[in-house]
Structures are given as C-alpha cells and as structure tokens.
1. Based on the alpha carbons, how large is the Rg to Rh ratio for the chain when Rh follows Kirkwood?
2. From the protein chains alone at 1.4 Å, what is the descending order of accessible area for Lys191, Lys266, largest first?
3. Roughly how many debye, to the nearest 20, is the charge dipole of the stretch 244-316 about its Cα centre, given +1 on each Lys and Arg Cβ, -1 on each Asp and Glu Cβ, and no other charges?
4. Work out the P(r) tail for the stretch 20-61: percent of alpha carbon pairs separated by more than 12 Å, whole number.
5. Once you charge only the Cβ atoms, +1 for Lys and Arg and -1 for Asp and Glu, what is the size of the charge dipole of the stretch 45-182 about its Cα centre, to the nearest 20 debye?
6. So which of Lys210/Lys288; Lys251/Lys330; Lys250/Lys326; Lys148/Lys288; Lys148/Lys280 end up more than 28 Å apart by C-alpha?
7. If you bin every alpha carbon distance in the stretch 2-168 into 10 Å steps from zero, what whole percent lands in each bin?
8. Once both labels are modelled 7 Å past Cα along the beta-carbon direction, what's the Arg36-Asp233 spacing in nm?
Amino acid sequence: MTATICGTGSYIPSYTMDNHDIAGLVETSDEWIRERTGVVRRHIARDETTVSMAAEAARRALADAGTAPEEVDLILVSTISSNVVLPCAACEVQKELGAVNATCFDLSAACTGFVLAYNTAFAYLTSGVYRTALVIGSESLSNLTNWKDRGTCILFGDGAGAAVLRADAAKEPDDESEAGMAEELPGVGRKNYLPVTHSDGGKGAALTCKSRHDFNSLNGGSRQASNETMLDDTHYMQMDGQAVFKFAVKKVPEVIGEALVLNRMKPDEISYYILHQANKRIVEAVAKRLGEPMEKFPMNLQEYGNTSSASIPILLDEMNRDGRLKPGQKLVMAGFGAGLTWGAAIVEWRGCSG
Ligand code: ACO
C-alpha cells in the first residue's frame, strides 16, 4: 500500500500587522526585523479561531481532492494553540465538516508538528488501517505571544493549512509494459519513502510556554500589547533565539541528509525543500549546508511570519495552486521546533490527478 497527497487547502486571516505596527509596540524597526528574520508582515486571527481556520483549510483541501467529508476516516490536527483543552481540535473540525466517519485526534509537536502528523497519517494509510486522512496544521500563535517581548513578538503569525492523503493499492511494476503504465496507474511503481525524525527533551528549555488557558477569553487582549490580562511571562512563548537558531541550522540539513541516505536518494532528485518557515537566514543556511540552490527553497515567511505547524501546509497549498508542483516531483518537507523536535519526510507529488 502507498499513500498520496491528493488535495491541499489553507486559510489565512485577512487582518495583518506589518513590521511598522510591531515597532509601535516594542523597541524595534522594520529594517531590523527584515534583516534578521525576513518577515515583513504577519496575519492575525481576530474573528477566527484555531478550529475555524482548520475547518476552512480542510474544506478547501477536500474540494481540491474531490473528496466528500463522509469519505474521511482520519482527521489529525497538529496545533499548540487549540481553542480549548477539551474537546480536541480534530473533533471540533469533524463537527464543522460533518466528517461523521472519521477518527479524530490532535498532535502537539510545535513547528515539527505537520511533518509528524503527515508521518502518522502515512503510517496508518500504508498499513491499511485507514483509507483517507485529513492532516491539518492550524495555529493562533498571536494568543500565545507576549506582545511586550521583542525577541519573540516579531516572529509569529496565525493561519492553517491542510492536506488530504489517500491510500493506493501499490505494487512494483511486473514487466516493461506495466512499468510504462506507472504514470497512469495510481499505485504502480510508487515507492514508500521513510521519514527521519528526532527529539531531544533535554534541550526543551530553549522554547517554552506554560499557557493552556482559555485563548478566546484573551483574544485581542494579549495582542493589543496592553497585556493587562497577562498572568506572567511564562504563560507566553519564551525562547532562547540564538540557541534555537544554532540548533536549526545544524539539525535541519543533517536530518534531510539522513532521509536522503535512508531512501538512497541524491539531493539533485529533489525538486523542492519545503522547510518550516521560521527565519529566512535559517532557510538560507540550510540551503548552503546542503549545497543546493535557493530556487529549491520556496519561502512565504515574509508574508505570514512563523505559523508553527501551519507553515509547511500553507506553503504546500500555495505551490499546488500556483502550478509549481508537478506530478512525479520529489519534495522534502522538514520541520524543527519546540521539544526540541525535528524531522524530514520525502513526498512524491501526484496532486489531484493521482
Ligand atoms: N529589534 C531590535 N533589536 C533586537 C530585537 C528586535 N526585535 N530583538 C533582539 N534585539 C537585540 C538584542 O537585545 C541584542 O542586543 P545587544 O547586542 O545590545 O544585547 C541584539 O539585538 C542581538 O540579539 P540576538 O538575540 O542575538 O539576535 P539574533 O540575531 O539571534 O536574532 C532572532 C534574534 C531573530 C529571534 C533569531 O535568534 C532567530 O530567528 N532564532 C530562531 C527562532 C526560531 O526559528 N524559532 C523556531 C521555532 S518556533 C516554535 O517551535 C513555535
């Protein structure tokens, strides 16, 4: 059995804050933020919630895949900013979609979350447990942001991305004539690529957040920089920026290299490296360490900032919709973040026709 991404969707809040807006809140400048991070603006949820954004991204992915909600038998939401502790965001999305046949649960692994959720769905589909999965990354990080901390409030944004994965009956081509049909027949000739993932809980102090409060009650309060409702700094994201930066530029190229070796592939077989969109300098450093051209490292962080587990599926959806992704291309998705966690998955793109 193999599994394929057969549709993508995303949802981005319309309200934006650019770097000049941030410079009105903390001592910083547009120039400093652009130079150190590449971020120009970020979109902020005002009327939206993590669940409403996830559900809309999922609706768009299902439409792209030509899949009815009733066909979905697994919904996985990766998030660190769910509306409430219970019920989980995935069950709330199920309710919004009417995906009555789905089994639903959330996964919390910060900015590596979408890669781990994709891997989890992939394992279920290729082992024959489920046939159709919705994998979603959705975040309202603005509710976890300390808008008085210039070391973090410049970085983050809100949004959601989703992908529909479908299982295909796979088999190796038996002979030359069947090999010739590999492009036409969904499962024939397709390979299952193995992911590589790591965690290092010993370094977890580099990026922390104690908050599990009712985000909706803080909605607006925290991001208006008044922070009157704030409990204390530890209830918001706290980061040792330099430590995370050094970790990312070392571990991300390493884990991509491990995934290529494990799957007996060379970098020139990869069309695009879709990295977690945290910082332009991190993406550039990874490209340099891998010896690959920047054209293979698409970026949209200038528009959205770091949307944690939503960043990879939002970028994937943009590339799907603007026609950059072509059937047969091999992609690497790589994430890194709190935990610490990091990982890479190789995807053979088939798109909706697959
Ligand atoms: N504006 C102006 N000056 C600033 C700002 C700011 N927003 N922030 C820090 N500074 C100052 C510091 O005070 C310091 O001043 P000093 O030299 O007088 O002490 C100077 O700028 C340098 O500070 P650094 O922290 O060394 O700045 P750095 O170049 O490391 O950039 C940044 C900071 C952008 C946060 C960077 O470290 C980074 O991007 N780290 C990675 C973050 C990341 O990718 N996280 C991903 C995981 S997110 C997740 O899992 C949810």
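1. Ratio value, two decimals: 0.97.
2. The most accessible residue leads, giving Lys266, Lys191.
3. 280
4. 68
5. For the stretch 45-182, the charge dipole is close to 680 debye.
6. Lys210/Lys288; Lys250/Lys326; Lys148/Lys288
7. Whole-percent P(r) values from 0 Å outward: 11, 37, 29, 16, 6, 0.
8. It is 1.5 nm.
The values are calculated or read from the model by the stated rules, or taken from the named source; none is laboratory data. As the structure is a prediction and not an experimental result, all values here were calculated from the model. Using ideal geometry, Cβ is built from the backbone for each residue, glycine included, and neighbour counts are taken over all protein chains shown. Ligands, DNA and RNA are excluded from the accessible area calculation, which covers all protein heavy atoms including side chains. Shrake-Rupley method; radii C 1.70, N 1.55, O 1.52, S 1.80 Å.
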